[in-house]
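Any read-out appearing in this document is the output of simple, stated calculations on the displayed coordinates, not a laboratory observation. This is a predicted model, so every value here is computed, not measured. We place every Cβ from the backbone using ideal geometry, glycine too, and count neighbours over all the protein chains shown.
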Amino acid sequence: MDIDAYLKDLDSDRADSKYSLKSVDSIEEDVRQALLKLIERSGKSSGQLRTALIEKEFPVQLIDQMIERFIEVGLIDDFALAKSFTEMAVSRKAKAKSVIARELRAKYFPQDAIDAALAEIDSDSELEAAKNLAETRYRQLLKLEPEVRTRRLSSFLMRKGYSSSVVWAAVRHASGEVAR
């Protein structure tokens, strides 16, 4: 669809549209400026940027064109941003793969960027993160009865998104390490 035809359709459909009398260049500059302002504030996925610009009632065709241009020149990089988010979630927050994947999808990352970011997390590193987290939490629960301690620790790890096999391995490890 040609942008001039789009604007003519917009004029006939809605007389109150904020872009009905503006030139294409002016609209494009508005989209570019809004996009730059969004990127400047914090790293956002192309999906988040698209959603934010649609909420500002910019023409979808121009939004998609501008995002594509920004991706081509490297101002938007979903793969690097997803990788960075994943590394932080693993190292600082000790989150499991499943939780990280859910959070990346909620941030509208493309599936191939999610897959690439999660490929760097292997099962051994996930187990080690769970063990370290379990040891720390186990020490906080030492005043409780053993059954209550085990139940609370396993629930805590499951809420972090770890699978049951990883949870129970981490619980066994933590109870063995702290008891020494």
Next on the checklist: To make sure I understand, if each residue's beta carbon is the centre and we count other beta carbons within 10 Å, what order do Thr150, Thr136, Thr86 fall in, fewest to most?
Outcome noted: Thr136, Thr150, Thr86
Checklist entry - Looking at the P(r) of the stretch 123-179, how many percent of alpha-carbon pairs lie beyond 14 Å? => result 43
Item to check | Cross-link pairs Lys83/Lys107; Lys95/Lys131; Lys97/Lys160; Lys37/Lys93; Lys56/Lys83; Lys131/Lys160 - those with Cα-Cα distance over 18 Å | outcome: Lys37/Lys93; Lys56/Lys83
Checklist entry - When Lys and Arg each count +1 and Asp and Glu each count -1, what net charge do the other residues less than 14 Å away from Ala94, Cβ to Cβ, add up to? => result +3
Next on the checklist: Considering just Cα atoms, how many Å³ per residue does the convex hull of the stretch 51-135 enclose?
Outcome noted: 98
Checklist entry - Hey, rough spin-label estimate for Lys93 and Thr51, points 7 angstrom out along Cα→Cβ, what's it come to in nanometres? => result 1.5
Checklist entry - If each residue's Cβ is checked for other Cβ atoms within 10 Å, how do Arg139, Arg69, Arg50 rank with the fewest at the top? => result Arg139, Arg69, Arg50
Next on the checklist: At a 10 Å Cβ-Cβ cut-off, how would you order Lys97, Lys143, fewest neighbours first?
Outcome noted: Lys143, Lys97
Checklist entry - Rounded to the nearest 500, what is the chain's calculated 222 nm mean residue ellipticity when only DSSP H runs of at least 4 contribute -39500 (n - 2.57) each, over all residues? => result -23500 deg cm²/dmol
Checklist entry - Ordered by residue, what ³J(HN,Hα) values in Hz, to whole numbers, does the stretch 150-167 give under the Karplus form 6.51 cos²θ - 1.76 cosθ + 1.60, where θ = phi - 60° and Gly and Pro are x? => result 5, 4, 5, 5, 5, 5, 4, 5, 5, 5, 6, x, 6, 6, 5, 5, 5, 4
Checklist entry - Dividing the Cα radius of gyration by the Kirkwood radius, what Rg/Rh value follows for the chain? => result 1.22
Item to check | Extension reserve of the Trp168-Ile39 stretch, reckoned as 0.36 nm per residue once the Cα distance is removed | outcome: 42.3 nm
Checklist entry - How many angstrom separate the Cα center of the stretch 134-180 from the Cα center of the stretch 31-104? => result 36
Item to check | Fraction in percent of alpha-carbon pairs per bin - 10 Å, the stretch 78-118 | outcome: 35, 60, 4
